[in-house]
Amino acid sequence: MSITPLFATPLWNKHVYNLKLLQEIRALINDFNQGVEHAGTVSEDFQQAYITNNRIRMNKKGITSFYSDNFATKPEWKSVRDQLLIEIKALIERDCDTEELDFFRLWATIYPKDAHIPLHCHQNAALSGVFYIDTQEEGGDITFQDPAWLAKSMYAGRDQPHTRYTLNPTDGLLLVFPSWLPHQSTPNLSDKNRLIISFNLTRKSDPKMAEFDLLD
Ligand SMILES: [Fe+2]
């Protein structure tokens, strides 16, 4: 007799040990933070897709460039974009056809103290991911949730089913996962900003790509 676990979900992960790349991205995120006039805020504001020019609110809730900039199309991001795409393809190429894969969207999020992001998934993409630029041990975890958690909690097994997975990210951690996989981050309890960049990937032949003037 045996039990066969079914339907695993891939979470590709590795550390990118490239301090120069991290430093380049850190500088670009700081440029965005200093120059942005309107930005989406995260934490409790995130569910309403709240966009503001109120700097006090930005500094309190945290900001994302998701609504104001697509860094995949910005010339100043081209170098890090290209380097990151190489790392992503190397990470997943054993399991995925990466030839046509490209960024559909690339954005940064800054989490000040107490900022977090509620449970969400990434719409209209094939694969998504996150690259951690500045982290602290108390800077917040990422938790993935099995979208079938409710159904799986219905059966009368002896143990509660494992429908959540949490990890504590460190600088240079690169994660890639199916865009439909719900995830959230817990509050940043440290006094330093947590900096990340996130991305959605799709194939160049996808009709959605036509609306973006992506850099070659
Ligand atoms: Fe996300």
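Bear in mind these aren't lab numbers, they're just calculated from the coordinates by the rules spelled out. Values in this document were obtained by computation on a predicted structure and should not be read as measured data. Heads up, the Cβs are rebuilt from the backbone with ideal geometry, glycines too, and the neighbour counts pull from every protein chain shown.
Worth pointing out:
- Note on the chain: helix-only mean residue ellipticity at 222 nm, from DSSP H runs of 4+ residues weighted -39500 (n - 2.57) and normalised by residue number, equals -6000 deg cm²/dmol.
- Residues THR41, THR163, ranked from the fewest to the most other C-beta atoms within 10 Å, line up as THR163, THR41.
- 5 angstrom amide H check on ARG105, placed H, neighbours 5+ away: ASN200
- Between amide H atoms placed 1.01 Å from N, distances below 5 Å from ASP141 occur with THR186, all of them 5 or more places distant or on a separate chain.
- Each of THR64, THR186 has some number of other Cβ atoms within 10 Å of its Cβ, and from fewest to most they run THR186, THR64.
- Sparse-neighbour loop sites [chymotrypsin sites (Phe, Trp or Tyr not before Pro); segment 113-216; at most 12 other C-beta within 10 Å; DSSP]: TYR155
- Only aspartates and glutamates eight or more places from LYS113 in sequence, or on another chain, were considered; those with a Cα closer than 18 Å are GLU44, ASP45, ASP134, GLU137, GLU138, ASP141, ASP171, ASP191.
- Restricting the trypsin sites (Lys or Arg not before Pro) of segment 89-161 to loop positions (DSSP other than H, G, I, E, B) with no more than 16 neighbouring Cβ atoms within 10 Å leaves ARG94, ARG158.
- Going from the fewest other Cβ atoms within 10 Å to the most, the residues LEU11, LEU19, LEU91 appear in the order LEU19, LEU11, LEU91.
- With a Cα cut-off of under 28 Å and a minimum spacing of 8 residues unless on different chains, the lysine pairs in segment 1-96 number 10.
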